[in-house]
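Have a look at the structure below, then the notes.
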Amino acid sequence: MVSLLEAIGRGNYKINSFYEIGADPELDEFMESYCEVLRRYKEELSKPFDEAATFLSSIESQLSSLCKGTLTKMFDYGSADEPAGTSEEELSCAEVEASESQETTGVSSQEQNLKGMLMRKYSAHLSNLRKEFLKNRKKGKLPKDARTTLLDWWNHHYRWPYPTEEEKAKLSEITGLDQKQINNWFINQRKRHWKPSEDMRFPRMDGVSGDPGTPPNMLWYCW
């Protein structure tokens, strides 16, 4: 085979322009082997590229799913900085995989298998990323409806914005917030937007409100 290539290189090997397959079995065998080598090289080079492209597509879909619906909600929330919980943090890996499975229409079975393998391998990490993303996004923003309800109560009780335990329980039931969130909201709201009027000069013993923001041992009586 080497001598054949050397002969071709020196120009001493006559090549018939009308060469037919089978006329030179040795050359045919060489070309078949050479084509097979090229085919294998192509497969080896294409495989990591195809896997990388598929993985990139999977990650892009994951990030799109993670961010879907959160950016628009962030602009709908009010300007208060109270901490608020979110049920979205409880999204499980299975739910992430379920949302991904809806986007596999038209994808080949090989890509689906690869995608499933990647999901099984990285779903826990993606779920953690989602939780971190939700924790870091606009911390303290209460849902718009809940904040509106709290502001309504605030406006009706502006002279003495210290809800009782019963009132806090009622607000918690209406807004879906826990009492810690409600307490934090009223504490921040009073610090920023409320000052006792001049006629609140007579202290009385506490017991009307268990609000952590209430001054210790006394409340100011509102005439």
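The values are calculated or read from the model by the stated rules, or taken from the named source; none is laboratory data. Predicted model, so just to flag it, every value in this text is computed and none were measured. Quick reminder, even Gly has a Cβ in these numbers, built from the backbone with ideal geometry, and neighbours come from all protein chains shown.
Of note:
- Scan of the stretch 171-189 for residues that are crowded, with 18+ Cβ neighbours inside 10 Å and either assigned to a loop (DSSP other than H, G, I, E, B) or outside the structural domain of D152 (by TED's automatic domain parsing) (or both), ordered by number: L177
- If only residues of the stretch 124-149 that are charged (D, E, K, R) and at pLDDT 80 or above are counted, the one that is surrounded by the most Cβ atoms within 10 Å (Cβ to Cβ) is R147.
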